[in-house]
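Undergrad: Could you have a look at this structure, given as structure tokens, before my questions?
The values are calculated or read from the model by the stated rules, or taken from the named source; none is laboratory data. Since the structure is predicted, the reported quantities are computational estimates derived from the model, not experimental observations. Note: ideal-geometry Cβ built from the backbone for every residue, glycine included; neighbour counts use all protein chains shown. With ligands, DNA and RNA removed, areas are computed over all heavy atoms of the protein, side chains included. Shrake-Rupley method; radii C 1.70, N 1.55, O 1.52, S 1.80 Å.
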Amino acid sequence: MLKNYIKTAWRNLLKNKFYSFINIAGLTAGLAIGILILLWVQDELSYDSFHKKAANIYRLETSGGTGASVQIFTSIVAPMAPVSTRKLPDIQDYVRLTPAYNFTLYKFQDKVFADEKATYADPSLFKIFDFPIIKGNPAKPFTDDNSVVITKETAEKYFGAADPIGKVIIADDRVNFTVSAVVNNFPKNSSINYDMIMPMSFHIKFMLARHVDLNTNFDFYAYETYLLLRPGTNPKSLVAPLQKIHLSFRPEDTDGAYLLLPIAKMHLYNADLTDKGITTVRIFVVIALLILVIACINYVNLSTARSMLRSKEISMRKIVGAAKAQLFMQFIIETALLFLIASLLAFGLIFILMQVFNQVSGKQLVFNPRDYHIWLIVLSAITGTLAASSIYPALLLSSFDPLKALKGKISAGIGDVLFRKILVVTQFTFSVVLIVGTIVITNQLNYIRSKQLGYDKSHTLAIWMRRMGPQYDAVKAELLKQPGVLAITRANSNIVNMPGFNGDNDWEGKLPGQVVIVHEMVIDKDFIPFFKIKILQGAGFTGAIADSGHFILNETAVRELGMKNPIGQRFRMFRTKGTIIGVVKDFHFASMKEKIGPAVFHYNPHFMGTMYIKTEGRDARKVIASAAKQFKQYNGQFPFSYAFLDDTFNSLYQSEQHEGTLFNYFAAIAIFISCLGLLGLAAYTGQVRTREIGVRKVLGASVSGIVTLLAKDFVKLVFIAIAIATPLGWFAMHKWLQAFAYRVDIGWWVFALAAFVAVIVAFATISLQSVKVALMNPIKSLRSE
């Protein structure tokens, strides 16, 4: 019986090649893209969840500041973890990590490497987390303070095929680290990812030699800290005790509060569980489902529409004894066969598109048939799509009255026609929402690129000076002689995304309990004129030694500090005391997802490691070559690297750019699949109205009139879809834009443009088939009918 079902289904597919092609093409595209999106979603949701103890691991974070300056810090002070573990029995263990910024150059024999991803960590890193040690002693990964654990990839890079255990890596030509263990490469879906791990005990001794005792110091918020809680512990119950412990050491820190973020959520959520990427994941899940639903709708629509054409076939089967259950199974088998073909083609399409999808999405996904997660996604998508698209058509096709069908007295019911119209409206509603999303995202990204930032970053490259600082003046004088170099300045960080924060400050008129977290940047005297930052009050730095005790604030800092006449007022930041000599106009020094925060600039020639060179643009290559020559002279061991500020700025919105590009593709695919369905329905309409069209042509109807007649009903449905999609698209994009502090308005023209695109594409699709029908010879059509 099954063999007969399959044979009949195959014959039916071959008999109706046009409709089979439309169904298979739509389902193939829908399944391939839907599965690719779900693989992307699965990768995002899998971050940090592979650890066996993940349910009990939390990152300890803290908030600080008052008013609009409140910030959440993902790193905390070093003593907090060991002290709280001793005092709170619900904390089983802890691990702290802090980047090894004090080393930049690593050697083994004649091999030299710079800027490795190196960190200091407590040995419990390998006990709390599942980073398996493949060589060395897992129970004692660090043999002493001068040992180092490296990844398998790093071991191959330094030592090739030789055994790395016991080999010595020299850091900055002054400290020897002996390889004590090798760990497997960190997974790509791990938020913790390093090449080299050095013992925290070495870092503690290093800081102690500089008179900073990390066992008692509550000043440096530089330690990413993870706590392993006892199973069943409510993390909220630890918030107050943790803060109490902190206040016992620093009673003045009343503005702060500790937060515990589950490790499995830290990739997509902030510590207060606000959005850090989860909204994008949810949007992509919805898009995957929408594309699969659109593909299902095509099949359901064409199957139910063509049910009238198959009514006599079904009736004959019933008359010769076929039961309703057998007919139902026949049509289920037909759908399953079609889905099998579409699924196989979808797998092939996934393999073809995977590399392109990775480039567009910024991922490194692999379609690995041995990964059961992939098959769960694939089978869920196929099973859900198959169930959604097969049951209703099979029920409809198996329910005809055979006698009425044979006499030609059966016709599509009002309910069936209405159902098909609802499906077409649903398809285009989803498509229009995606078009709206594409327009809004593109508009927002264009707005970001074109918005006046408050400073001039054009044709400017940034170079990390490394050990060239003492020779800065000589290098600057030499580079200014080069054609194309307009100006040079320096600072301690990148103006595009200032990383420094400081809450240890004091000023005249400070209120009790008031703490303002400010962005801190060390700049030289040329910095403000170099970037054309506008001075509103006072003056800039002169480069004199006295400038080390002077500060320049931005407008927001003045407002947050509550100052009315800031020039000449006393100000202290950490251990530096001085006066305010200037106020600059606010400018964007971070992502436009954030409001401009309070910023303080001060002068210190010993802490400026980034050089900025402004070029004319056309001679940029010569300038880079000249800078490389100077760099090599003073930093011969280090690789020369540079970045244009425009590129650095664009990298802040890399994820949004990926989203925008993906939205373009998704909208195009949704429209393509929807249009395939329209093409099939238009062909069916022309087929069942052949006699009517022939009569109209005999009576003098024009080709354009017949095309309009056939197209208008479909275009009406598209307009209904536009009306429904407008509020849905506005709501979805309004929510997406909330992530940006500075954003575009969603104007009426967005929906007008989306409507225009949908109507034009739909009308063009329908017209392709309608013109063909309208051009048929009426005598031939009337004779055949």
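Undergrad: Determine which aspartates and glutamates satisfy two conditions relative to Lys363: a Cα distance under 14 Å, and not lying fewer than 8 residues away in the same chain.
TA: Output for Lys363: Asp43, Glu44, Glu656, Glu659.
Undergrad: Hey, rough spin-label estimate for Arg210 and Val70, points 7 angstrom out along Cα→Cβ, what's it come to in nanometres?
TA: 3.3 nm
Undergrad: List the residues, sorted by chain then number, that are 5 or more residues from Ala741 or on another chain and whose placed amide H is less than 5 Å from its amide H.
TA: Lys593, Glu594
Undergrad: Can you give the Kirkwood hydrodynamic radius for the range 484-586, in Å, rounded to one decimal and based on Cα pairs?
TA: 14.4 Å
Undergrad: Still on this structure: Give me the number: length gained by fully extending Ile6 to Asn446, i.e. 0.36 nm times residue separation minus the C-alpha to C-alpha distance, one decimal in nm.
TA: Full-extension gain reported as 153.0 nm.
Undergrad: What are the semi-axes of the equivalent ellipsoid for the range 409-568, taken as the square roots of 5 times the Cα gyration tensor eigenvalues, largest first, in whole Å?
TA: Ellipsoid half-lengths, sorted descending, are 55, 26, 13 Å.
Undergrad: Would you mind checking which residues have amide H under 5 Å from Val183's amide H? H placed 1.01 Å from N; only 5 or more apart, or other chain.
TA: Correct list: Ile134, Ile150, Thr151, Lys152.
Undergrad: Treat the range 187-306 as a sphere of radius equal to its Kirkwood radius over Cα pairs and apply Stokes-Einstein at 20 °C in a medium of 1.002 mPa s; give the translational diffusion coefficient in µm²/s, rounded to a whole number.
TA: It diffuses with D of about 110 µm²/s by this estimate.
Undergrad: Starting at the first residue of the range 526-536, write each ³J(HN,Hα) from the Karplus equation 6.51 cos²θ - 1.76 cosθ + 1.60 with θ = phi - 60°, in whole Hz, x for Gly and Pro.
TA: Running phi through 6.51 cos²θ - 1.76 cosθ + 1.60 with θ = phi - 60° gives 8, 4, 5, x, 4, 8, 6, 7, 7, 8, 8 Hz.
Undergrad: What's the extension gain from Lys157 to Ile133 if we count 0.36 nm per residue and subtract their Cα-Cα distance?
TA: Full extension from Lys157 to Ile133 adds 6.9 nm.
Undergrad: 5 Å is the cut-off here: which amide hydrogens, built 1.01 Å from N in the peptide plane, fall below it relative to Ala257, excluding neighbours closer than 5 in sequence?
TA: The answer is Ser63.
Undergrad: Restricting things to alpha carbons, tell me how big the range 442-511 is in terms of Rg and Dmax, in Å.
TA: 17.8, 53
Undergrad: Tell me, what HN-Hα J-couplings in whole Hz come from the Karplus equation 6.51 cos²θ - 1.76 cosθ + 1.60 at θ = phi - 60° for each residue of the range 459-474, using x for Gly and Pro?
TA: Along the range 459-474, the couplings run 6, 10, 10, 10, 10, 7, 6, 6, 8, 8, x, x, 9, 3, 4, 5 Hz.
Undergrad: Ok, one more. Which links in Lys152/Lys593; Lys140/Lys244; Lys481/Lys577; Lys107/Lys140; Lys52/Lys236 stretch past 28 Å when you go from one Cα to the other?
TA: Lys152/Lys593; Lys140/Lys244; Lys481/Lys577
Undergrad: Just add up the charged neighbours of His602: K/R +1, D/E -1, any other residue whose Cβ is under 13 Å from the Cβ of His602.
TA: With Lys, Arg at +1 and Asp, Glu at -1, the neighbours total +1.
Undergrad: Along the principal axes of its C-alpha atoms, what lengths does the range 134-258 span, in descending order and rounded to whole Å?
TA: The principal-axis extents, from largest down, are 54, 39, 24 Å.
Undergrad: On to the next question. Taking all protein chains in place and a 1.4 Å probe, what share, in percent, of the accessible surface of the range 562-645 do carbon and sulfur account for?
TA: Ligands and nucleic acids excluded, carbon and sulfur reach 51 percent.
Undergrad: Could I ask something else about it? Of the options Thr280, Leu259, Asn270, report the single residue whose Cα projects farthest towards the positive end of the charge dipole of the range 238-302 (beta-carbon charges: Lys, Arg +1; Asp, Glu -1).
TA: Thr280
Undergrad: According to a simple spin-label model (label point 7 Å from Cα along Cα-to-Cβ), what is the distance in nm between Leu418 and Arg250?
TA: A separation of 6.7 nm, rounded to one decimal place.
Undergrad: Can you give the FRET efficiency to the nearest 0.05 for Leu376 and Tyr269, using r as the Cβ-Cβ distance and R₀ = 30 Å?
TA: According to the calculation, E is roughly 0.80.
Undergrad: Per residue of the range 117-134, what does 6.51 cos²θ - 1.76 cosθ + 1.60 with θ = phi - 60° give for ³J(HN,Hα)? Whole Hz please, x for Gly and Pro, Karplus curve as stated.
TA: So the Karplus estimates, Gly and Pro as x, are 7, 10, 9, 9, 8, 6, x, 5, 3, 8, 9, 7, 9, 8, 10, x, 7, 9 Hz.
Undergrad: I want the local charge near Pro483. Using Cβ-Cβ distances under 14 Å, sum +1 for each Lys or Arg and -1 for each Asp or Glu among the other residues.
TA: +2
Undergrad: If eta is 1.306 mPa s and T is 10 °C, what Stokes-Einstein diffusion coefficient results for the range 1-109, Kirkwood Rh from Cα pairs, in µm²/s?
TA: 74 µm²/s
Undergrad: Please give the per residue accessible area of the range 1-107, computed with a probe of 1.4 Å over protein heavy atoms only, in Å².
TA: 41 Å²
Undergrad: While we're here: Could you give the nm distance between label points at Thr708 and Phe501, where each point is 7 Å from its Cα heading toward the beta carbon?
TA: 6.5 nm
Undergrad: Place a point 7 Å from the Cα of Lys481 along the Cα-to-Cβ direction; which residues of the range 626-642 have their backbone N under 18 Å from it?
TA: 626-634
Undergrad: Under a Cβ-Cβ cut-off of 12 Å, what is the net charge of the residues other than Leu260 that fall near it, where Lys and Arg count +1 and Asp and Glu count -1?
TA: 0
Undergrad: Over all distinct alpha-carbon pairs, what is the Kirkwood Rh of the range 68-217 in angstrom?
TA: 16.4 Å
Undergrad: May I pose another question? In Å, what is the Rg of the alpha-carbon atoms in the range 417-474, and how long is Dmax?
TA: 25.4, 82
Undergrad: I would also like to ask the following. Multiply the residue separation of Arg621 and Asn16 by 0.36 nm, subtract the distance between their alpha-carbon atoms, and state the gained length in nm to one decimal.
TA: The span from Arg621 to Asn16 would gain 211.6 nm if fully extended.
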